[in-house]
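Undergrad: I am attaching a structure below and will ask some questions about it afterwards.
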């Protein structure tokens, strides 16, 4: 096993130096800076990636997205939503108020995780 090959695979997979999220939309590889992503939502395997500049749509699973983005920056708060904690204006018991005015629900099964995200946000 070559450590340099493993490191190269890691860097390519997580875009650690570019800090982008990569996806395929209509067969074209695209990338969005993580700092511009407000949240991800999913409905029937269609993911909406909502950014400060617009929305991208692609097919996939939110669980796969969750594995590819940094846990310190994003919080899975619902089976259909992952939010960038930097764009959360207010944490409530059952929802997030986002900086763009949208509200994102907090699922019953995700409340403990949301508490951890809120603590992380306060530490940043």
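Undergrad: For the stretch 3-123, what size does the Cα cloud have along each of its three principal axes, sorted from largest down, in whole Å?
TA: So the extents along the principal axes, rounded to whole Å, are 44, 33, 25.
Undergrad: Can you tell me what percent of all Cα-Cα pairs in the stretch 21-63 are more than 12 Å apart?
TA: Of all Cα-Cα pairs in the stretch 21-63, 57 percent lie more than 12 Å apart.
Undergrad: From Cα pairs below 8 angstrom and at least 6 apart in sequence, can you work out the relative contact order of the stretch 63-124, rounded to a whole percent?
TA: Dividing the mean separation by the residue count of the stretch 63-124 yields 29 percent.
Undergrad: Shifting gears a bit: Which value does Rg/Rh take for the stretch 31-98 over its C-alpha atoms, Rh per Kirkwood?
TA: That ratio equals 0.93.
Laboratory data are not the source of any read-out in this text; all were calculated from the coordinates shown. Computed from a predicted structure; not experimentally measured.
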